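See structure below.
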Amino acid sequence: MVHDIGKTIMIIGLTLFAVGAVVHFGGRFLPFGRLPGDFAWQGKNWSIHFPFASSIVVSVILTVLANLFFRR
């Protein structure tokens, strides 16, 4: 039981580390936030950004990964 919790915490930590590394180092190269379908409005002293297409892409990727890892 204790070993299972430890393994789970290690897997979560490694996953968060990998995601953080991709976001940190790949932020300039990945097109997230600049895809067609990501909306941005700018005014004189304000701006609104809604990454609709990027949200869909991330959702699909996470759904596929969850289905691969959590199959019964």
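Taken together, the values in this text are just the output of simple stated rules run on the coordinates, not laboratory data. Keep in mind the model is a prediction, meaning the values are calculated, not measured. With ideal geometry, Cβ positions are generated from the backbone for all residues, glycine too; neighbour counts draw on all protein chains shown.
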Fill in the blank from the handout: In whole percents, the bins of 10 Å from zero upward hold the Cα-Cα pairs of segment 31-72 as 27, 34, 23, 12, 4, 0
Practice task
Only helical DSSP H runs with n ≥ 4 go in: add -39500 (n - 2.57) per run for the chain, normalise by residue count and round the 222 nm mean residue ellipticity to 500 deg cm²/dmol.
Solution key: -21000 deg cm²/dmol
Exercise for the section: Please check the chain for the longest run free of chymotrypsin sites (Phe, Trp or Tyr not before Pro) that are loop-located per DSSP (anything but H, G, I, E, B) and have at most 11 other Cβ atoms within 10 Å. Expected result: 1-28
Handout entry: Ranking of Asp4, Asp38 by count of other Cβ atoms within 10 Å, fewest first
Key = Asp4, Asp38
Handout entry: Gyration tensor over alpha-carbon atoms, the chain, equivalent ellipsoid semi-axes in Å
Key = 33, 15, 11
Exercise for the section: Just subtract the alpha-carbon distance of Phe52 and Lys7 from 0.36 nm times their residue separation and send over the number in nm, one decimal. Expected result: 12.7 nm
Practice task
Describe numerically, in nm with one decimal, the distance between label points set 7 Å from Cα along Cα→Cβ at Ala18 and at Ala66.
Solution key: 1.7 nm
